[in-house]
Amino acid sequence: MGKNETDIPVLSDISGAVMDAYGLSFDLPERLREMYRGLGFPDRNPETGWRLPVPATFVIDPSGVIRSRHCLADYRYRMEPRDVLAAVRELSS
């Protein structure tokens, strides 16, 4: 078990390679960069710089098939935890 206290594998894409491979990254527009500097960017993510991920959640079965997903550029809307849990539970039934 890792720091997330789960036996379920969770991807942490520090380098940004996965977000780029799946087309889930975007370059932060110049007009927003000064505001993001106040939040610690790009120093917070030195390997990705001004490339940021599109918020995405995937539930993938053991054979590699995506069983549930949520990808939306508007970071305010994420996959509901209850929906993630329901998708994971369905895999184990």
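The values are calculated or read from the model by the stated rules, or taken from the named source; none is laboratory data. Quick caveat, the model's predicted, so the values are computed rather than measured. Glycine also receives a Cβ, built like all others from the backbone with ideal geometry; neighbour counts cover every protein chain displayed. These area figures cover heavy atoms from the full protein model, side chains too; ligands, DNA and RNA do not enter into them. Shrake-Rupley method; radii C 1.70, N 1.55, O 1.52, S 1.80 Å.
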Which of the chymotrypsin sites (Phe, Trp or Tyr not before Pro) across the range 13-93 are loop residues per DSSP, with 12 or fewer other Cβ within 10 Å? Y75, Y77
For the chain: accessible area per residue (Å², 1.4 Å): 80
For the chain, with +1 on Lys and Arg beta carbons and -1 on Asp and Glu, the positive-most of V10, S25, V65 along the dipole: S25
Once you charge only the Cβ atoms, +1 for Lys and Arg and -1 for Asp and Glu, what is the size of the charge dipole of the chain about its Cα centre, to the nearest 20 debye? 200
Per q in 0.19 1/Å, what log10 I(q)/I(0) does a Debye calculation on the alpha-carbon atoms of the chain return? -1.04
I'd like the trypsin sites (Lys or Arg not before Pro) in the range 1-61 restricted to DSSP loop residues with at most 15 other Cβ atoms within 10 Å, sorted by number. K3, R44
Over the range 16-93, calculate the relative contact order: mean separation of alpha carbon pairs under 8 Å at least 6 apart, over the residue count, as a percent. 23
Where is the GNM fluctuation largest for the chain (alpha-carbon springs, 10 angstrom cutoff): L39, L72, L52? L39
If each residue of separation counts as 0.36 nm, what is the full-extension length gain between R82 and V18 once their alpha-carbon separation is subtracted? 20.5 nm
How about the range 57-87: which trypsin sites (Lys or Arg not before Pro) there are in a DSSP loop, with at most 15 other Cβ atoms within 10 Å of their Cβ? R76, R78
